[in-house]
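Heads up: the structure comes next, in structure tokens.
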Amino acid sequence: MNERQKYRLRTRSDKELIREVGPGKVYVDRETGEEYAVVGKVLPLAPSPSNTPWTVQNLRLCGCSLEQLTPKDVNDCVHCGRRLPAMGSE
Ligand SMILES: [Zn+2]
């Protein structure tokens, strides 16, 4: 289980970063020196069996009747519990 929540951070010039944040910590962009502000939590909400942000690249269809997207880095569909086929074997 991944219990650390990831957040979406953004600078004034709309540079985005997804990472875990520590309480009271300030994150500054290395190139521009701008401070990142937290703009939202990233799905899945912690705790979750998945460690990847819910973006198109990290999701796939489970194949069950629910037709839900499930993270690629889990063995079982997070919606129906169905065992997912190994990656690359459609
Ligand atoms: Zn499913």
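The values are calculated or read from the model by the stated rules, or taken from the named source; none is laboratory data. Predicted, not measured: the structure shown is a model, and the values here were computed from it. As a convention, Cβ positions derive from the backbone with ideal geometry for all residues, glycine included, and neighbour counts pool all protein chains shown. With ligands, DNA and RNA removed, areas are computed over all heavy atoms of the protein, side chains included. Shrake-Rupley method; radii C 1.70, N 1.55, O 1.52, S 1.80 Å.
In the chain, carbon and sulfur make up what percent of the accessible area (probe 1.4 Å)?
Numbers: 3170 of 6470 Å².
That fraction is 49 percent.
Could you give the nm distance between label points at Val21 and Asn58, where each point is 7 Å from its Cα heading toward the beta carbon?
So the label points at Val21 and Asn58 sit 1.7 nm apart.
Taking only protein heavy atoms and a 1.4 Å probe, what accessible area per residue, in Å², does the chain have with all protein chains in place? Write out the running numbers ahead of the final one.
Working: 6470 Å² over 90 residues.
Ligands and nucleic acids excluded, the result is 72 Å² per residue.
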